[in-house]
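> This is the structure, below, for whatever I ask next.
Read-outs throughout are calculated quantities, based only on the coordinates presented, and are distinct from any laboratory measurement. From a predicted model like this one, the values you see are computed outputs, not experimental measurements. So basically every Cβ, Gly included, is an ideal-geometry build from the backbone, and we count neighbours across all protein chains shown.
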Amino acid sequence: MRRAILSVCVVAAMAAVVVLLAGCQGPEAPSAPAEELESAELPKAAHAELPIAVTVDPRVELMSIIFRLTGSNEYTQGRIPSYTEDVDQHFGPYKEHPAVKMAIKLRSTRGVCFDAPMSMAVHLTDGYTLQERIPFDPHPGNLDKRWHLEEAREFLEKARQFVEDTDFQEFFEAHQPLYDQATGRMKEMLSKETHLGWFEE
């Protein structure tokens, strides 16, 4: 159980890692400053020994972008602006998209903010078709209670359209080198700092 919790936390955290710790030059050729590239040269042995998967998950990134467009403070904080500038340039024209408008409504009426979008993200099959990983009826025990069935499914329908209208998959794939740097740093930190034995208990 603890291993499962750790895996979910690592996946959900990677969107923040990308926004806060990585940078790129533009949407066509994403890259990081030289010092970041140097720091991304990580020992292969450390990666091989890490017994958990670390990745930038498109489901998490999609939810982060949609809720960033709502102006939610918790999703608009980026310490290194180059990647967030790419996000804003690519997705900014879609602030009036139905998915964003519904996200604003859900935040104001249901309190869908902070961890609730991430709870939804990890209950989806992938970041492009956004199918329910397990049926939402009955309400999954681990899906945040702020997501009500009919509203959740309506939001996902609009989010699927957002994926198509914004070419989200193309944007995500164009930034894969950047995501690889972010996951590399996370793997290095976990291999040095995390006491994984606790999760075996």
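> For Leu124, what residues show an amide H to amide H distance below 5 Å, using hydrogens built from the backbone and excluding near sequence neighbours?
Arg133
> Something else: Kirkwood hydrodynamic radius (Cα pairs, Å) of the stretch 64-201?
16.6 Å
> Setting aside same-chain residues fewer than 8 positions from Lys95, which lysines have a Cα under 22 Å from its Cα?
Partners within reach: Lys105, Lys158.
> Let me ask something additional. Under a straight-distance cross-link criterion of Cα-Cα below 20 Å, which lysines are reachable from Lys192, leaving out those fewer than 8 residues away in the same chain?
Reachable lysines: Lys44.
> Excluding Thr109 itself, calculate the net charge of residues whose Cβ lies under 11 Å from the Cβ of Thr109, where each Lys or Arg counts +1 and each Asp or Glu counts -1.
Working: positive: Lys105, Arg107, Arg110, Arg146; negative: Glu151.
Once all neighbours under 11 Å are counted, the net charge is +3.
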